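Down below is the structure, laid out as structure tokens.
No lab work stands behind these numbers, since they all come straight from the coordinates. As the structure is a computational prediction, the values presented were derived from the model and not from experiment. Note: ideal-geometry Cβ built from the backbone for every residue, glycine included; neighbour counts use all protein chains shown.
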Amino acid sequence: MCFRMDLVHELLTNLCEDLERQIKPNLRGSMGNLVHDYLPQVWVFETECGVCTLSLDTEGNARVFPGADRDVDVTIRWRKDALESTLASRNRDSVSAGDYPNVIVHTDKGRAAFNYLKKEIGL
């Protein structure tokens, strides 16, 4: 049975604060120009129950909205229960060994950001 993406949306919204706290300080100083080169970021999270988009703008502000944006850097497709569990704990310990999301990288800047932020998400 498939329920809406409310919990995924909520968990991604909770993640936004942590992402902002990690990214915003790096927008200033010697790292600023480098970090700006990888923004904005748009990541789409797809499950069998629906889609949410996490967007990180050039000022380091993160937000989540239902549905999929057209200009996507990374798409993460996974079972809803596995995605919820991973987002809630920020690690994959509760997910069966060998159960991985399908990560589709659409842009080079998306690949770099995914490699940098995947541990923050628990992937």
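Roughly what would the spin-label model give for residue 102 and residue 34, points 7 Å off Cα along C-beta, in nm?
3.4
For region 80-123 and region 55-70, compute the distance between their C-alpha centroids and round to whole Å.
17
Where does helix 80-89 land angle-wise versus the long Cα axis of the chain, in degrees 0 to 90, nearest 10?
50
How many nm is it between the label spots at residue 71 and residue 90, if each spot is 7 Å from the Cα in line with the beta carbon?
2.9
I need the Debye-formula profile for the chain: one equal scatterer per C-alpha, no solvent, reported as log10 I(q)/I(0) at q = 0.18, 0.20, 0.21 1/Å, two decimals.
These q points yield log10 I(q)/I(0) values of -0.92, -1.13, -1.24.
What dipole magnitude, in Debye to the nearest 20, does the chain give about its Cα centre under +1 on Lys/Arg Cβ and -1 on Asp/Glu Cβ?
220
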